[in-house]
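Asks: Before we start, here is the structure in question, set down as structure tokens.
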Amino acid sequence: MQDVAAEIKTFGGTAIAVPADVTDANAVRGAVEVLSQKFGPIDLMIANAGVGATIAGGKLEPDGVAKVFNVNVIGVVNSVTAVIPQMVERGRGHLAVISSLAAYRGLPKSAAYCSSKAAISSLFESLRLDLQPKGIDVTIIHPGFIKTPLTAGRTKKLPFLMEVDEAAVKMIRAIEKRKKSYAFPWQLATIVRLGMVMPNFMYDWISSRNSFRE
């Protein structure tokens, strides 16, 4: 975080790094207070913290699922609730969340991850309906596979794997355009959307033969 802040400063910007554990609501609110004192009210909150997990159904354990949900879902809730009151009071603001194409349907060995992403997509859809009349925009981003530590070390070839910089540009553009929802890359997003209307027997047959957690 310090490196990113330093890089922003070299380009003439102003930045500070304020670490906080997203699973700790008080810590997130404290970070928002520090940022608000430094820069003024928060205009944009991007809820981006997330963890992955390879958990096969036969080895599903409450603690493993809870760890994923505490970051991917409760962490998002802690982040947005720290800024929503001030946005509502001002009558403007923008919330964005980094969900996943995995939110659309369940995938092998991904029960915790897929369900956590489905949860935040639904959460933000509800927030959009509630907050639009109050002048607050809401953006849900559904990326595919991106070269990060979450996708490293897999023997299975990941389809349409994107570089971080390319993915970041797409996310930034979607946020700047205040899109309600944005899924990419379009090729994989199209395949996933087709999966949503497939009969269950067909989806199960295809998905069971394409586990990307290996």
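Asks: Name every residue in the stretch 30-55 that is touching a Leu at 6+ places or on another chain (Cβ under 9 Å) and modelled with pLDDT of 95 or more, in order of residue number. First the steps, then the outcome.
Replies: From the stretch 30-55, those touching a Leu at 6+ places or on another chain (Cβ under 9 Å) are 42, 44-47, 50-52; that's our starting set.
Selection gives Ile42, Leu44, Met45, Ile46, Ala47.
Asks: When both residues are 6+ apart or on different chains and their Cβ atoms are under 7 Å apart, which pairs have a first residue that lies in the stretch 176-195 and is at pLDDT 95 or above, and a second that is acidic (Asp, Glu)?
Replies: Within 7 Å, the pairs are Arg178/Asp137.
Asks: Among Phe124, Phe160, which is surrounded by 11 or more Cβ atoms within 10 Å (Cβ to Cβ), in contact with a Gly (Cβ under 6 Å, 6 or more places away or on another chain) and among the hydrophobic types (A, V, I, L, M, F, W, C)?
Replies: On the way: Phe124 fails: in contact with a Gly (Cβ under 6 Å, 6 or more places away or on another chain).
On inspection, the qualifying residue turns out to be Phe160.
Asks: While we're on this one: Quick one: in the stretch 61-88, which of the residues that are in a loop (DSSP other than H, G, I, E, B) and not small (Gly, Ala, Ser) is surrounded by the fewest Cβ atoms within 10 Å (Cβ to Cβ)? Explain how you work it out, then say what you get.
Replies: Within the stretch 61-88, the subset in a loop (DSSP other than H, G, I, E, B) is 61, 82-83.
With not small (Gly, Ala, Ser) added as a condition, the list becomes 61, 83.
Working: Glu61: 10, Val83: 24.
Across the stretch 61-88, the extreme among qualifying residues is Glu61.
Asks: Take Gly58 and tell me if it is at pLDDT below 95, in contact with a strand residue (DSSP E or B) (Cβ under 7 Å, 6 or more places away or on another chain), surrounded by fewer than 20 Cβ atoms within 10 Å (Cβ to Cβ) and part of a helix (DSSP H, G or I).
Replies: Details: at pLDDT below 95: yes; in contact with a strand residue (DSSP E or B) (Cβ under 7 Å, 6 or more places away or on another chain): no; surrounded by fewer than 20 Cβ atoms within 10 Å (Cβ to Cβ): yes; part of a helix (DSSP H, G or I): yes.
In short, no.
Asks: While we're on this one: Out of the residues in the stretch 161-178 that are outside any helix (DSSP H, G or I) and hydrophobic (A, V, I, L, M, F, W, C), which is farthest from Val97 (Cα to Cα)? Write out each step before concluding.
Replies: To start, the set of residues in the stretch 161-178 that are outside any helix (DSSP H, G or I) comprises 161-163, 177-178.
Now narrow it down to the ones that are hydrophobic (A, V, I, L, M, F, W, C): 161-162.
Working: Leu161: 20, Met162: 19 Å.
Within the stretch 161-178, the match that is farthest from Val97 (Cα to Cα) is Leu161.
Asks: Among the residues of the stretch 144-164 satisfying the criterion of being touching a Phe, Trp or Tyr at 6+ places or on another chain (Cβ under 6 Å) and within 22 Å of Ile120 (Cβ to Cβ), which is modelled with the lowest pLDDT? Show your work before the answer.
Replies: Step one: list which residues in the stretch 144-164 are touching a Phe, Trp or Tyr at 6+ places or on another chain (Cβ under 6 Å), which gives 144, 151, 156, 158, 161.
Those still in the list that are within 22 Å of Ile120 (Cβ to Cβ) too: 144, 151, 158.
On the way: Gly144: 94, Thr151: 78, Leu158: 84.
Taking the candidates together, the pick is Thr151.
The values are calculated or read from the model by the stated rules, or taken from the named source; none is laboratory data. Nothing here was measured: the structure is a model prediction, and the numbers come from that model. Virtual Cβ from ideal backbone geometry, glycine too; neighbours counted across all protein chains shown.
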